[in-house]
Amino acid sequence: MPPERAPDDVEPGDLAGILRPRAATRFVGHAAAEAALSEAIASGRLHHAWLIGGPAGIGKATLAYRVARRLLADPEGVSRAPGLDVEAGHPVAARIAALSHPNLVALRRHRVPTAKTLPTKIPVDAVRKALELFGSTAGNAGHRICIVDSAEDLNANGANALLKMLEEPPARALFLIVSHAPGRLLPTIRSRCRALALRPLSAPEVEAVVAGFPAPFPAPAAEALARAAALSEGSVARAVAMLDPAMCGLVAEVETLLSRLDHPDWGRVLKLAERLAGREAEPLFAASLAAVERFVAAELRRRQAEPPARLAALVEVCENFGRTAREAAIYNLDRRPVILSLFADLAGAVRTV
């Protein structure tokens with residue numbers, strides 16, 4: 001059963017009733033990535049830095065902690081068992097879940113007891129403090145491991161502090177760097193890491209992960225789970241969000257309005273815009289953006305035999321919407337005009353093509 005968390009114990013990506021990646025011992029998918037890491041460990045020539053990239057919510061951090069458990073449970077490298085599995089009851093598993101192992105440090109955003117909100121970045125002071133681990137000798141001659149979750153959360157000075165350590169790593173140091181968008185990282189950081197790209201999970205894999213969540217996570221109905229997995233785009237976090245009736249209903253409404261662009265129902269579009277206007281509607285707005293992107297992608301596939309010039313209008317609308325949505329978030333702008341313009345522009349683009 002997932003441990004209860006204090007009200008001020010908050011980290012990015014937390015899902016109610018679900019184990020955090022450092023405590024999860026069950027792992028689904030990404031067989032090739034796991035095999036690459038397992039083979040590197042078995043060879044005794046494990047690269048000192050790995051950049052684990054891919055969309056959010058697909059298991060990148062869970063994989064990083066699996067590697068940490070495998071190495072710290074066998075610090076002398078005696079075991080030659082394939083894979084990264086470690087018994088759930090192993091003492092190291094509990095220490096890693098509690099972030100209390102002396103040879104492991106995790107760089108992540110988290111809310112301290114005196115703060116009201118999560119910090120927006122991992123500050124350089126936190127990076128420097130974490131890297132003090134590599135100034136000591138690892139116990140039992142094992143690895144010293146730093147997990148960064150995620151690299152995008154480092155501020156500029158923090159990224160540079162990490163880079164200096166990557167350039168001259170001490171012996172038996174290992175950096176497992178999780179990134180949702182590796183292309184946006186410093187090229188100098190990327191060049192010092194072995195890249196490991198994780199693909200979105202398949203819909204059956206997403207279903208398997210969610211169906212395997214223990215209580216108190218409520219077991220979803222098979223039909224609801226199948227739809228959530230189909231809409232998840234390979235992300236377990238997104239599938240869990242889609243199990244919420246409010247989220248599922250919102251996506252269904254957006255899909256209905258998109259299917260009627262030849263004769264838009266402006267009354268319902270306006271109601272949708274009002275629903276997405278509030279700050280608390282950020283997850284719903286993100287789901288709407290994803291629904292629009294799916295719609296445009298499906299339209300492009302359906303019309304792929306047509307001249308590219310005729311499809312350019314749809315692509316342009318989608319790109320413009322993505323840009324204005326980001327600007328609305330950055331500058332705290334009213335989302336209602338963004339939504340209304342989107343449907344007007346899409347209706348015009350559909351008529352054009």
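Of all the criteria given as (1) surrounded by fewer than 22 Cβ atoms within 10 Å (Cβ to Cβ); (2) at pLDDT below 95, the one not satisfied by residue 199 is (2).
Yes or no: segment 50-68 includes at least one residue that is buried (at least 17 other Cβ atoms within 10 Å of the Cβ), in a loop (DSSP other than H, G, I, E, B) and in contact with a Phe, Trp or Tyr (Cβ under 8 Å, 6 or more places away or on another chain). Yes. Of 237, 246, 252, all but one fail to be touching a Gly at 6+ places or on another chain (Cβ under 6 Å), closer than 19 Å to residue 281 by Cα and among the hydrophobic types (A, V, I, L, M, F, W, C); the exception is 237. Exactly one residue out of 323, 294, 310, 279 is touching a helix residue (DSSP H, G or I) at 6+ places or on another chain (Cβ under 9 Å), within 30 Å of residue 12 (Cα to Cα) and among the basic types (Lys, Arg), and it is 294. Check off (1) within 19 Å of the chain's Cα centre (by Cα); (2) assigned by TED's automatic domain parsing to the domain that holds residue 130; (3) buried (at least 18 other Cβ atoms within 10 Å of the Cβ); (4) in a helix (DSSP H, G or I) for residue 189 and give me the number that stays unchecked. Every listed condition holds for residue 189 apart from (1). In the condition set (1) touching a Cys at 6+ places or on another chain (Cβ under 9 Å); (2) without any contact (Cβ under 8 Å) to a residue 40 or more places away in the chain, residue 256 is compliant with all but (1).
Across segment 36-49, the qualifying residues are those that are over 22 Å from residue 189 (Cβ atoms) and touching a residue at least 24 places away in the same chain (Cβ under 8 Å), and the one among them that is surrounded by the fewest Cβ atoms within 10 Å (Cβ to Cβ) is 44.
Out of everything in segment 243-261 that is β-branched (Val, Ile, Thr) and over 24 Å from residue 209 (Cα atoms), what residue ends up being surrounded by the most Cβ atoms within 10 Å (Cβ to Cβ)? Across segment 243-261, the extreme among qualifying residues is 254. Do we have residue 148 as closer than 22 Å to residue 53 by Cβ, without any contact (Cβ under 8 Å) to a residue 60 or more places away in the chain and hydrophobic (A, V, I, L, M, F, W, C) here? Here the answer is yes, as residue 148 does meet what is asked.
If the condition is being surrounded by 20 or more Cβ atoms within 10 Å (Cβ to Cβ) and charged (D, E, K, R), then segment 21-32 contributes only 22. Within segment 266-302, restricting attention to residues that are surrounded by 14 or more Cβ atoms within 10 Å (Cβ to Cβ) and among the charged types (D, E, K, R), the residue that is nearest to residue 351 (Cα to Cα) is 299. Just the residues that are of a type in the set (Asp, Glu) and closer than 18 Å to residue 254 by Cα, please, taken from segment 320-349. Passing the criteria: only 345. When each of 251, 292, 296, 209 is tested for being among the aliphatic types (A, V, I, L, M), assigned to a helix (DSSP H, G or I) and more than 29 Å from residue 18 (Cβ to Cβ), the lone residue that passes is 296. Just so you know, in segment 202-233 the residues that are under 15 Å from the mean Cα position of the chain (by Cα) and modelled with pLDDT under 95 include one that is farthest from residue 166 (Cα to Cα), and it is 232. Any idea which residue in segment 300-353 is nearest to the chain's Cα centre (by Cα), counting only those that are within 20 Å of residue 265 (Cα to Cα) and of a type in the set (Ser, Thr, Tyr)? In this case the residue turns out to be 341.
Do we find a residue being of a type in the set (Asp, Glu), under 21 Å from residue 107 (Cα atoms), touching a residue at least 24 places away in the same chain (Cβ under 8 Å) and in a loop (DSSP other than H, G, I, E, B) anywhere in segment 12-28?
Checked against the condition, which is being of a type in the set (Asp, Glu), under 21 Å from residue 107 (Cα atoms), touching a residue at least 24 places away in the same chain (Cβ under 8 Å) and in a loop (DSSP other than H, G, I, E, B), segment 12-28 yields no hits at all.
Residue 283 meets all of the listed conditions (1) modelled with pLDDT of 95 or more; (2) farther than 25 Å from residue 30 by Cα but one, namely (1). Annotation: of all residues in segment 291-311 being modelled with pLDDT of 90 or more and of a type outside the set (D, E, K, R), the one that is farthest from residue 239 (Cα to Cα) is 300.
The values are calculated or read from the model by the stated rules, or taken from the named source; none is laboratory data. The shown structure was predicted, so the numbers you read here are calculated from the model rather than taken from an experiment. Every residue, glycine as well, gets a Cβ built from its backbone with ideal geometry; the counts of neighbours run over all protein chains shown.
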